[in-house]
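Engineer: Shown below is the structure under consideration.
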Amino acid sequence: MLSLHKLTAGTGYDYLTRQVAAMDSTEKGHTSLADYYDQKGESPGRWVGSGLAGIDGVVAGDVVTADQMLSLFGLGDHPLATERLAALDLRATDRDIKDAMQLGQRYGVYPGMTEFSVELTKRIGDWNLAHGREPGAPVPAEIRAEFRTKVGLEHFRKRFGREPMDARELSGFIVRASRPVRSGVAGYDATFSPVKSVSALWALARPEISTAVERCHDQAVADSLRFMEELAIYTRRGRNGVRQVKTHGIVAASFTHRDSRAGDPDLHTHVAIANRCRRRTTALG
């Protein structure tokens, strides 16, 4: 099964590093990818997609870092923007700096707070005042996560008139409620999930069978991405995007995870497809 979710620019990358990469949990705070890999023993995310051929310094199979995710999915810059800027000398021109950082125009990020964000900011400010701190002072990650959950639950009940079915539904609602009122599209989270019986077999079978099941899942994801690149991935050009154009493939970060937010066995792969590509010259339509 394939599901697609839009990734917004600006703080949209936070969903990938904190929620998706950190065992799909909203309680992990701003855990770095390095800490996540070390503490949880999960396989690191990897860069995938034939579109990587057009991005210097990034090769399919390379490990994804938090800084790279921020550069590409947060800003729309080159994934290695920080490293490329550091490599410039003092004689670098503005053009050199731009070439080192940018992959075309940056994503648009527009100011504006949602009702959820306003309430969360108020709760954090009240907590700071109660503890003799400045209202705008940063709070510990666990305190912020607690307030996010409480405010999210209150807003969910108000919006739908019921309790969330599970932690996944609530966390998804919180992610959507946290987004700015308007923001550019940084990409799409394509989540590949086999049927539940496959995850059950993978979780309960002998190690050699479990390994074979996971290998088959990985191959199915790879085949699906190739199909998407050949037949389903297009970009648009011209005023209002009137020309549909084939691309040279996707630029994406792939994260395979092994349980659901509720802790049940759930083998699945998130592929964060960046809203960046190289077009081919032939237009369609």
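Engineer: Tally time: how many residues in the stretch 199-211 are surrounded by fewer than 18 Cβ atoms within 10 Å (Cβ to Cβ) and assigned to a helix (DSSP H, G or I)?
Structural biologist: Let us first name the residues in the stretch 199-211 that are surrounded by fewer than 18 Cβ atoms within 10 Å (Cβ to Cβ), namely 200-201, 203-211.
Adding the requirement that they be assigned to a helix (DSSP H, G or I) leaves 200-201, 203-204, 207-211.
Counting residues in the stretch 199-211 that are surrounded by fewer than 18 Cβ atoms within 10 Å (Cβ to Cβ) and assigned to a helix (DSSP H, G or I) gives 9.
Engineer: Specify which of the listed residues (Arg206, Arg215, Arg226) is within 15 Å of His257 (Cα to Cα) and basic (Lys, Arg). Let's see the steps before the verdict.
Structural biologist: Details: Arg206 fails: within 15 Å of His257 (Cα to Cα); Arg226 fails: within 15 Å of His257 (Cα to Cα).
Criteria check complete, one pass: Arg215.
Engineer: Identify, from the list Arg91, Arg95, the residue that is part of a loop (DSSP other than H, G, I, E, B), of a type in the set (Lys, Arg) and open to solvent by 60 Å² or more (accessible area, probe 1.4 Å). Give the derivation first.
Structural biologist: Details: Arg95 fails: part of a loop (DSSP other than H, G, I, E, B).
Result of the check over Arg91, Arg95: Arg91.
Engineer: Return the residues of the stretch 212-258 that are under 23 Å from Val195 (Cα atoms), open to solvent by 40 Å² or more (accessible area, probe 1.4 Å), in contact with a strand residue (DSSP E or B) (Cβ under 8 Å, 6 or more places away or on another chain) and not acidic (Asp, Glu); say none if nothing qualifies.
Structural biologist: Ala220, Ser224, Arg258
Engineer: I've got another one for you. Restricting attention to the stretch 170-191, which residues are part of a helix (DSSP H, G or I) and either open to solvent by 40 Å² or more (accessible area, probe 1.4 Å) or in contact with a helix residue (DSSP H, G or I) (Cβ under 7 Å, 6 or more places away or on another chain) (or both)? If you could, list the steps in order and put the result at the bottom.
Structural biologist: Residues of the stretch 170-191 part of a helix (DSSP H, G or I): 170-178.
Across the stretch 170-191, the qualifying residues are Leu170, Ser171, Phe173, Ile174, Val175, Arg176, Ala177, Ser178.
Engineer: What are the pairs, 6+ residues apart or on separate chains, where a residue within the stretch 212-223 that is more than 20 Å from Ser3 (Cβ to Cβ) has its Cβ under 8 Å from a residue that is open to solvent by 70 Å² or more (accessible area, probe 1.4 Å)?
Structural biologist: Val213/Leu201
Engineer: Which number in (1) of a type outside the set (Lys, Arg); (2) touching a Ser or Thr at 6+ places or on another chain (Cβ under 9 Å); (3) crowded, with 18+ Cβ neighbours inside 10 Å marks the one condition that Gly136 misses?
Structural biologist: (3)
Engineer: Shifting gears a bit: Within the stretch 59-88, work out how many residues are exposed (fewer than 14 other Cβ atoms within 10 Å of the Cβ) and in a helix (DSSP H, G or I).
Structural biologist: Here the count works out to 1.
The values are calculated or read from the model by the stated rules, or taken from the named source; none is laboratory data. What you see is a predicted model, and the numbers here were worked out from it, not measured in a lab. We place every Cβ from the backbone using ideal geometry, glycine too, and count neighbours over all the protein chains shown. Note: accessible area is taken over every heavy atom of the protein model, side chains too, but ligands, DNA and RNA are not part of it. Shrake-Rupley method; radii C 1.70, N 1.55, O 1.52, S 1.80 Å.
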